Structures are given as C-alpha cells and as structure tokens.
1. Looking at this structure, is residue 87 among the acidic types (Asp, Glu) and either more than 20 Å from residue 50 (Cα to Cα) or more than 21 Å from the chain's Cα centre (by Cα) (or both)?
2. Anything in segment 69-90 that is surrounded by 12 or more Cβ atoms within 10 Å (Cβ to Cβ) and either in a loop (DSSP other than H, G, I, E, B) or at pLDDT below 90 (or both)? List them, or say none.
3. Would you call residue 137 surrounded by 12 or more Cβ atoms within 10 Å (Cβ to Cβ) and not small (Gly, Ala, Ser)?
4. Pairs under 7 Å by beta carbon, first residue closer than 19 Å to residue 109 by Cβ in segment 120-140, partner open to solvent by less than 90 Å² (accessible area, probe 1.4 Å), six or more apart or different chains?
Amino acid sequence: MDVVTSPPVFATTSIADVTDALTQSSNLLGDNSSLVDDSHCGRNALTNSYGWFVQILLASLAFMLLIVKRFCEPRKQRRSWLVWFYDTSKQGLGAGLVHFANVFLAEEFAGDPCTWYIISFLLDSTIGLALVWAGIRISI
C-alpha cells in the first residue's frame, strides 16, 4: 500500500510570495508605507510638549507617592516636615540632575533618543551605583 504525501506548504512558499502577501495586506489597510513604524520616538521626542507633559506628570506622581509614604509611617517614628523635605529634596535633586543629563545626552547622540536614554539610565543605575558603593567602601 503506497501512501502519497504532499510536500509541506511552507516548503513551496518563497520569500517573494510572503513579501507580496504582506504588501497586499498593507495595501488593503490603505497603508503603503513600510510595516515598521519608526515614528514612536523621533528626534526631540523627549523634549517636545508631549514629552515634557509626560515627564512632569511622572515627577508629580512620584512626589505625591512620597507624601503618601510619609503618612504611612508610624506617627511616633515619622520625621518632621522639614527633615522629610530635606531628605526628599536631596534625592529629587540628584535624580533630576541625572534625568536631565540623560535627556540631553539622548538628544545629542545619533539614532533613537529613547534608546539612548534607557541605555544611559541603565548604565547610571548599574555601573554608577557600583562606583558609588566602591567610593563609600574606600572612604570607610
């Protein structure tokens, strides 16, 4: 008894057939541009009006959460408002300086500024933290 098997469908499909099918599907949607949308983070995306809005919104949210956190501390151990302000302003000033340095550097490098921002943020969070730790250990 002979069993006849047909070749798999993908074996007869060429790359040209696949690209033609993709082109036809994008034409059906009315989109003749490329299938990859590179406009998600173009030049000045971090410093245009929407970028500033998002940054201010996130900074405000972080500050409000610090206030909520203060009220979650036990009353007897809660720091005074002045001490709390000094602690949070020190952390906020340091984070703000690093953030704006990252935004500036991301806009200056060629390519996607969002990618450069996350690279500089991760380098600061890993290598920068290790350098601070080493500096503290040396000074003790």
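1. yes
2. Within segment 69-90, 78, 79 meet the criteria.
3. no
4. 120/102; 120/105; 120/106; 121/102; 124/98
The values are calculated or read from the model by the stated rules, or taken from the named source; none is laboratory data. Just so you know, these numbers come straight off a predicted model, no measurement behind them. Cβ coordinates were reconstructed from backbone atoms using ideal geometry, including for glycine residues, and neighbour counts include every protein chain displayed. These accessible areas exclude ligands, DNA and RNA; they are computed on the full protein's heavy atoms, side chains included. Shrake-Rupley method; radii C 1.70, N 1.55, O 1.52, S 1.80 Å.
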